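The values are calculated or read from the model by the stated rules, or taken from the named source; none is laboratory data. Remember, it's a predicted structure, so these values are computed and weren't measured experimentally. We place every Cβ from the backbone using ideal geometry, glycine too, and count neighbours over all the protein chains shown.
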Amino acid sequence: MRLSCLLPCLLGATVIPRVAGLTVLCLALQAGAAEEPPLAALRNDSARFVAANAEFTLLHETGHLLIAELDLPVLGREEDAADQLGFISLFLAYARQNDDGIYAKLLDVADYWRLEWQRPKPENEEVHAWDSHGLDAQRFYNLACLIYGSDPDGLEWVPQITGLPVERALYCDQEYNQVRKALAWVEQQYGRAPGSAQRHRLRVIYDPPSTRLSDGPRLLEQLRGSGVVEAIAARVSETYRLPRELTLRLSNCGAADAWYSRTAGEVVLCYESLAHFESLARQLPRLRLATPD
Ligand SMILES: [Zn+2]
């Protein structure tokens, strides 16, 4: 613990739940003096933003697939659980690859929801209180919290650039640990034994992009070139005892969307979503003003 932080924290906090949390509280309160973020995390990169959000969206929908196909118990809203499964799967995949752009990509995913939150919505996109999804703003803060909670001591700059308030930041390490523990439990309960035969797999299908989508072929080529879809399918096939053949499909839908269909046994990510990610990426400089681009 930074002793220099202790006194102001003790004086400033009316409720101090526990000593471990105090460290985080201190660090967050000291955000102004925090370590500088890696430049890559602030640099705007449209292709990186599209790839990271395509990967997260596929992993979120794959979260729904795992919940349904493995009949996982779910406490709380399934949409929140799917976001958590998506986040932790993405985080661990980047960590396994020793990806030095890990935080840039994770922030791209969180910032997608910040941009959606701040995007002026047409009438047909009215936000309903009864919707099964969290509000865009809540999904942004949930993801920012999980990123920060993965390493509070090393990521003091995350609350600073995301605006994650200290009241939430205080418990982000616990939130991250809960999600990490939940995934470990799922893998232990439903994972394939080492060396056991793989009965079923998750395959990948790319439908030809529609000629109505002018950027379809370029975005498809970009995504295929990254190999992220195949990597997700291979990882899921290797990790879990899947009950049947399942599919990750990239397709034309007529609108930016993604879903898991229990009937078809497939996850679909629409090419229109890739174009939507790319259009939102143009707004990134607004969020990352301090960035040398
Ligand atoms: Zn969902």
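Out of Asn53, Asn98, report the one residue that is touching a residue at least 60 places away in the same chain (Cβ under 8 Å) and either in the same structural domain as Ser261 (by TED's automatic domain parsing) or not in a helix (DSSP H, G or I) (or both).
Matching residue, one of Asn53, Asn98: Asn53.
Which of the residues that make up the range 131-163 are within 16 Å of Gly76 (Cβ to Cβ) and assigned to a loop (DSSP other than H, G, I, E, B)?
Answer for the range 131-163, where residues must be within 16 Å of Gly76 (Cβ to Cβ) and assigned to a loop (DSSP other than H, G, I, E, B): Asp131, Ser132, His133, Gly134, Leu135.
So Thr291 ticks every box in (1) among the β-branched types (Val, Ile, Thr); (2) modelled with pLDDT of 95 or more; (3) more than 24 Å from Leu92 (Cβ to Cβ) but one. Which box is left unticked?
Failing condition for Thr291: (2).
Just checking, which of Leu135, Leu107, Leu85 is in contact with a helix residue (DSSP H, G or I) (Cβ under 8 Å, 6 or more places away or on another chain) and under 29 Å from Leu39 (Cβ atoms)?
Leu107
Quick check on the range 73-95: of everything there that is in a loop (DSSP other than H, G, I, E, B) and under 13 Å from Gly63 (Cα atoms), which residue is nearest to the ligand (Cβ to nearest atom)?
Arg77
Step by step: first the residues of the range 222-254, then only those that are among the charged types (D, E, K, R) and either surrounded by 15 or more Cβ atoms within 10 Å (Cβ to Cβ) or in contact with an Asp or Glu (Cβ under 9 Å, 6 or more places away or on another chain) (or both), then the one that is nearest to Tyr190 (Cα to Cα). Which residue is that?
Arg241
Taking only pairs six or more apart or across chains, which ones have beta-carbon atoms under 8 Å, a first residue in the range 122-144 that is more than 26 Å from Cys172 (Cβ to Cβ) and not assigned by TED's automatic domain parsing to the domain that holds Ile102, and a second residue that is of a type in the set (Val, Ile, Thr) and buried (at least 17 other Cβ atoms within 10 Å of the Cβ)?
Partner pairs satisfying both residue conditions: none exist.
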